[in-house]
Amino acid sequence: QVQLVESGGGLVQPGGSLRLSCVASGTFFSINGMAWYRQAPGKQRERVARITNSGSTNYADSVKGRFTISRDNAKNTVYLQMSSLKPEDTAVYYCNGEVVSPGTYVQRVYWGQGTQVTVSS
């Protein structure tokens, strides 16, 4: 099947930077949109950023100008470069991908297990 695995989370001071990575493995024809979500304790999951297969991007207002999403299709990987981090950015960050199956070309969304990002002094 398909597996997405995040990495790069950790503890960082306010104003610092961190880069998250998410690699997809398994059997698939292609991956259309890829996105990063986050969820803090007691809060709903929210979408942080999304990138299409052609490179078009969308960002949540709360991270616009501070975060950058990118992807490397040859490596089946999506990245989230986070700068000027704030305590409010503390959350578990999840990646997902709109995965197209070979043969049938049916699309479904797969999720990673998440990586913890903590912004604190």
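Screening region 19-39 for residues that are in contact with a helix residue (DSSP H, G or I) (Cβ under 9 Å, 6 or more places away or on another chain) and open to solvent by 20 Å² or more (accessible area, probe 1.4 Å) and picking the one that is farthest from T115 (Cα to Cα) gives S30.
Pairing each residue of region 7-19 that is in contact (Cβ under 8 Å) with a residue 12 or more places away in the chain with any residue that is surrounded by 12 or more Cβ atoms within 10 Å (Cβ to Cβ) and aromatic (F, W, Y), provided the two are 6+ apart or on different chains, yields C-beta distances under 8 Å for G9/Y93; R19/Y79.
Of all residues in region 45-60, which are open to solvent by 50 Å² or more (accessible area, probe 1.4 Å) and modelled with pLDDT of 95 or more? Scanning region 45-60 gives R45, E46, R47, R50, S56, T57, N58, Y59.
C95 meets each of the listed conditions (1) part of a loop (DSSP other than H, G, I, E, B); (2) in contact with a strand residue (DSSP E or B) (Cβ under 9 Å, 6 or more places away or on another chain) apart from (1). When restricted to residues that are within 19 Å of P102 (Cα to Cα) and in a loop (DSSP other than H, G, I, E, B), region 20-51 contains 3. Scan region 47-68 for residues that are charged (D, E, K, R) and within 17 Å of C22 (Cβ to Cβ) and the total you get is 2.
A search for C-beta distances below 6 Å between a residue of region 41-65 that is under 18 Å from M82 (Cα atoms) and any residue that is assigned to a loop (DSSP other than H, G, I, E, B) and open to solvent by less than 80 Å² (accessible area, probe 1.4 Å), counting only pairs 6+ apart in sequence or on different chains, returns V48/A60; V48/V63. Within this structure, V100 fails the test of being open to solvent by 20 Å² or more (accessible area, probe 1.4 Å), of a type in the set (V, I, T) and out of contact with any Leu (no Cβ under 9 Å at 6 or more places or on another chain). On the given criteria, is S70 free of Cβ contacts under 8 Å to residues at least 40 places away in the same chain, part of a strand (DSSP E or B) and either open to solvent by 70 Å² or more (accessible area, probe 1.4 Å) or not charged (D, E, K, R) (or both)? Yes, satisfied. Every condition in (1) open to solvent by 70 Å² or more (accessible area, probe 1.4 Å); (2) among the β-branched types (V, I, T); (3) assigned to a loop (DSSP other than H, G, I, E, B) is met by V63 except one, and the failing one is (1).
The values are calculated or read from the model by the stated rules, or taken from the named source; none is laboratory data. Here the structure is a predicted model, which means the values were calculated and not measured. FYI the Cβ positions are ideal-geometry reconstructions off the backbone, even for glycines, and counts take in every protein chain you see. To get the accessible areas, we keep the full protein, side chains included, count just its heavy atoms, and leave off ligands, DNA and RNA. Shrake-Rupley method; radii C 1.70, N 1.55, O 1.52, S 1.80 Å.
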